[in-house]
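Computed from the coordinates by the stated procedures, all read-outs in this text should not be read as laboratory data. These numbers come from a predicted model, not from an experiment. Reconstructed Cβ throughout: ideal geometry from the backbone, glycine too, with neighbour counts over all protein chains shown.
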Amino acid sequence: MAKPLISFVLLCLSLAVFSSGSPHDELIKYGFPVGLLPAEVESYTINATSGRFLINLGDACRITLPPDNYLATYSQKITGKIVENRIAELDGISVRAFFKWWGITGIKSNGQDLTFEVGVVTAKYPSKNFDKAPDCEGRSSSS
């Protein structure tokens, strides 16, 4: 009885990828630039089968997104589902526009451009604006 249980647990663990790399490497693997996430990432997991992921930043942070200098907030934990050139069911990233905070629910990439989804509204920006992972603003330094 214990043998099937151990096999099942090992199978479940093999479906989730715990990488010594970075989620930025995963973004590149799926066709996205690294600058969609802040440089400061504490840990992450991704299910290789479903594409579901969890990114732990350790603390919430703010970033000014190019090119229009929109203020974005990243929650301590960011979740979603990633497949080639598409991030869906995104939760944990909000952007301030038109005097209101909007949750970014998805991102599509065609290599040249990124299309950000905020509910039924979309905005397109050149991918090159996100070539570098930005540092969190307003985060207190531990040193």
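For the range 21-143, the Cα gyration tensor yields ellipsoid semi-axes of 19, 19, 14 Å (square root of five times each eigenvalue, largest first, whole Å). Counting beta carbons within 10 Å around each of Ser50, Ser22 and listing the fewest first gives the order Ser50, Ser22. Taking only the Cα atoms of the range 42-114, the radius of gyration and Dmax are 12.9, 39 Å. The P(r) of the range 52-93 has a tail past 12 Å containing 62 percent of all C-alpha pairs.
For the range 2-130, the number of Lys pairs separated by eight or more positions or lying on different chains, with C-alpha atoms closer than 15 Å, is 5.
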